[in-house]
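Laboratory data are not the source of any read-out in this text; all were calculated from the coordinates shown. As the structure is a computational prediction, the values presented were derived from the model and not from experiment. Using ideal geometry, Cβ is built from the backbone for each residue, glycine included, and neighbour counts are taken over all protein chains shown.
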Amino acid sequence: MSFYRLKQFQCEVTGKSGLDYFQALESEQQEARTLHSRFPEPLKSAILKAVQWQVMGRLDHLVEAVFDRYKDRYFAGEKIYVDIQGDKFLARIVEVFPPRSTPTKVEPPEEQPVASSSSAVIKSTPLPVHAIGGDLKVPAKEVNAADDPRKYYYRVQILEEERPEGRDKLAASVKEARAKYSGSFMEVQCPVMSRDRLSFSKSILRRFIRDCVDRDAAVASPWTVKPQVARRYGVSSVMPEETRLGVEDIKKGEIQKRKKVWEEKEGPSTKKQKKLTAAQEEKAKAMAAVAERKEREAREKAEKQQKAKEEAERLAAEKKKKKPIRYPTEDLDVVLTEKEKKAGMKVKRPVPSRVALPFNDDKGTFEKFLMAWTFLVVYGHPLHLSTFTLDEFEHAIRHSLLEPECQILAEVHSTLIYNLRTLNFNRHSAVLSLLNLKDASASEGEEWGVSVDTLLEAMADVGNNWERAPLRHNEGREGWEESLVGCLKDHATLENFPALRRVLTHLLFAPVPSAEPINTPPSSRASSPSPTRTVVRSVTAQHPAQRYHTLPPEDRIAILYFMCNVAVSSKAIHVYMESCEEQLTALRKEKIEVNRSRKQYIEERDALLGDNKEEKGTPNGTTNGNGNSRGTASTSTNGAEEDTPMNDLSDLSDVSASEAGSESGLSGSGNGNGKSTKSSQDLRRKAQTQAHAKEREAARMRNASAKQALAEHRRLDEEVNKLERRLEGIEREFRKLLGSVRVKPMGRDRFYNRVWWFDGLGSASLIGSGGVVQYGTGRIFLQGPSVFDQEILDRREEGDIHARRLQEEGEEGMLGVGEWAVYTDLEEMDEFTAWLNPKGNRELALRNTLTKWWPHIAPGIRKRQADLNVSAKLPEARRTPRVKHAAADVSRDPYMMWTNRRAPLHFALEWFPAILLLHF
């Protein structure tokens, strides 16, 4: 679509350029409609019948032939112009009269026609109208001689032209003539008739024929009218036998002609030789023998060359087969070599644990548990819910004590109830669903001996005011259990929540147990294991607040899973997702700008380092007139400053004085020219002093420039580091926002197992205040291949995928479609990363992603292990030695110490719940 939207197309008909594809197509279609509406309708059928089965190389030649044949031939129904005494009038042809054999009245074509309302009827034998005029095979001269268009008479009716108002500037005489001839009939001939150039001309005719005809690419193929056009205008699509024979003759002639041209290009034909003598015949035989021998040798040589060529092709094909594979490639095509195995490449993947997955005993329960936690954490901002770890959520689901209450359960259910209040619901939908169940089956069964009628009676007075009941945070969300029942009554049905009846029965009724030991194992839905199982003899109605703690974990997970599925369609969630999309767009733009600035700073820093290297390469010392070198300032390569060895002015003065004294002594013992020698010494001393001063000034300047370059280098380094830290922050924010829109796996391994990491998504963060490491799950999950990926594995031609999985994953490590497992230790993750082969496409991408996020994955796993070790030691310290079976104090467990810091103002929610929820 981007290509089609480019302004680079041109209308083929009008020649307009700078259009996109659709504009050019619309222009061509509009021009085609205009053309077909203007072209004379009576002329279309005659022209198409004349064009059908014509053999002409170029379309222009066909157009010329048709135009010359029909420019003076008119048909009934056409609108034309008639020239009457120098003025042209629009007219319509009413009737066409062929040439008359014995006309009673003959008017020369040069004379002007005269209007007549009662023309004499001409009695003659009429001929077909333009009988042979349409046969383009007959030459034009023969056609005009046999059927002269100048001898045709046409009965026309003058029409009144419609002219726009304000543009009628005709003379009075012309207006009078138009009024005189308007609507009258007259007989005219072709010299005074003409067509409108906008409806019939060579260019218009060419466009019309090009739109209506087609031709094959074979030699001497005839022009044929398109089938749909031929059916509309009554043109026969069956080629007559005579025409077919003529077309075949033309094709044969063209082929012979081309063959003759080709033979002429190859060389002239052999001329007839004269009769040879005996000597010439012997010579010719000898030459023929030599030629035959040469031909045989050439043939043998050609055969050898062909064999050599085939051998070379075979070797090339074998070489091509042995051509090394370009990596990375398809993961299943990568096989470990013996060299890689000896180098320490891991062959078997570490076995992920399925036992460490919470609630993985019942199929599908762990997926619902993980989905509910992900929803609550990712959409913590619109739900006004603080984050909590997966371990804390698991312990909260397993919490089966009435006192103390678990705040996580109260806050999670309350915020979901507030969110579901904003959605449309059908009042008493659960009641209607249970009634339908009762009507559909007389023996609907019982849960704990509670029938549907009994359950409906208990539901009648519970949770009816759930959409207005205040659930205050400062009051511990008191009453949320009853509101939960009301929410289920109005939102749930047996279709969207299959466990509805069981859950409502457990929330509204309490069994009266009868302690009878049974040797069967405890139920999988029991909140706490017991050596004996109670048998329900009767039930009693209770309030949901007294019954929720007895719900098994799978039922609690089913409730949260259902509520999250309904809440995802709320306006608050949708507004938050749209906000995340906008922030993602802004982050993409910011990332581009930050990368551009970072690249610019790096280029400036590199240029500065290059300048410093060039300065260091230049000589730093200068030599005085006596050959003594003087030291100057220098800088180290790493930008550290060094002391500049410079001689003080006093030292220079002492040296100069001593030198002067010695020189004066020599001069005094010399020729006696003391005065001139003293002046020369003064000049030399002055020059040396000036030279030393210049050296010291240059050293100071170099030292200052070195310090300035070092400061600039440090500034650029700091800017680059700052931008790199911002890029890391952008990556973390991008992960959070993208996880709010769609959670994606980190990648897939060679067997299409998906790798998941759920930390740092949505409202959760990887780094807390002060740089403290935070985690949500603190582990890496593996999920088996999807149905589509499993089909890809099954379609592999090798057929040894199962054997290879047994070798590289192990029977206990093979995951079925949708099955889950987990890695909880860093050692296992290190082994798994070492098992990934970078030669495969999927595993290379997965390894790169793991490497990118490893600085956050590893600390999260370590932090979780440390928290588990601390929480494991707490019960030992709290154990009371005096009571053997004392209940454990769970009030100091991490999941019980969690608080919701994002809870809104609940006094406002009490008065305006719907308004505030829509705002949030």
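Tell me, how many Å apart are the Cα centres for region 773-848 and for region 183-208?
What the calculation gives is 81 Å, centre to centre.
Pairs K71/K137; K49/K71; K44/K71; K137/K260; K571/K736; K49/K259: which are spaced more than 22 Å apart, C-alpha to C-alpha?
Table pairs above 22 Å Cα-Cα are K137/K260; K49/K259.
Per 0.36 nm of contour for each residue apart, how much would the distance between R902 and R588 grow if the chain were fully extended, relative to their Cα-Cα spacing?
Full-extension gain reported as 110.2 nm.
Label T337 and E724 with points 7 Å out from Cα along Cα→Cβ: what is the distance between them in nm?
Roughly 3.6 nm, to one decimal.
Can you compute the modelled spin-label distance between R732 and M239, with each label point 7 Å from Cα toward Cβ, in nm?
7.9
Any idea what the alpha-carbon Rg over 2.2 N^0.38 Å comes to for region 25-82? Mind dumping the intermediate values first?
Values: Rg = 13.4 Å, N = 58, 2.2 N^0.38 = 10.3 Å.
The value comes to 1.30.
Points 7 angstrom from Cα along the Cβ direction at S538 and E457: gap in nanometres?
1.4
For S871, S236, what ranking results if the residue with the fewest other Cβ atoms within 10 Å of its Cβ goes first?
S236, S871
Just subtract the alpha-carbon distance of K363 and E297 from 0.36 nm times their residue separation and send over the number in nm, one decimal.
Values: separation 66, 0.36 × 66 = 23.76 nm, distance 8.23 nm.
Fully extending the segment from K363 to E297 adds 15.5 nm.
Using the Cα atoms of region 297-390, I'd like the radius of gyration and the largest Cα-Cα distance, Dmax, both in angstrom.
30.5, 96
What pairs in K251/K285; K79/K141; K348/K852; K16/K251 have C-alpha atoms more than 32 Å from each other?
Beyond 32 Å between Cα atoms: K251/K285; K16/K251.
What's the exposure ranking of S483, S597, S433, S17, going from fewest to most Cβ atoms within 10 Å?
S17, S597, S433, S483
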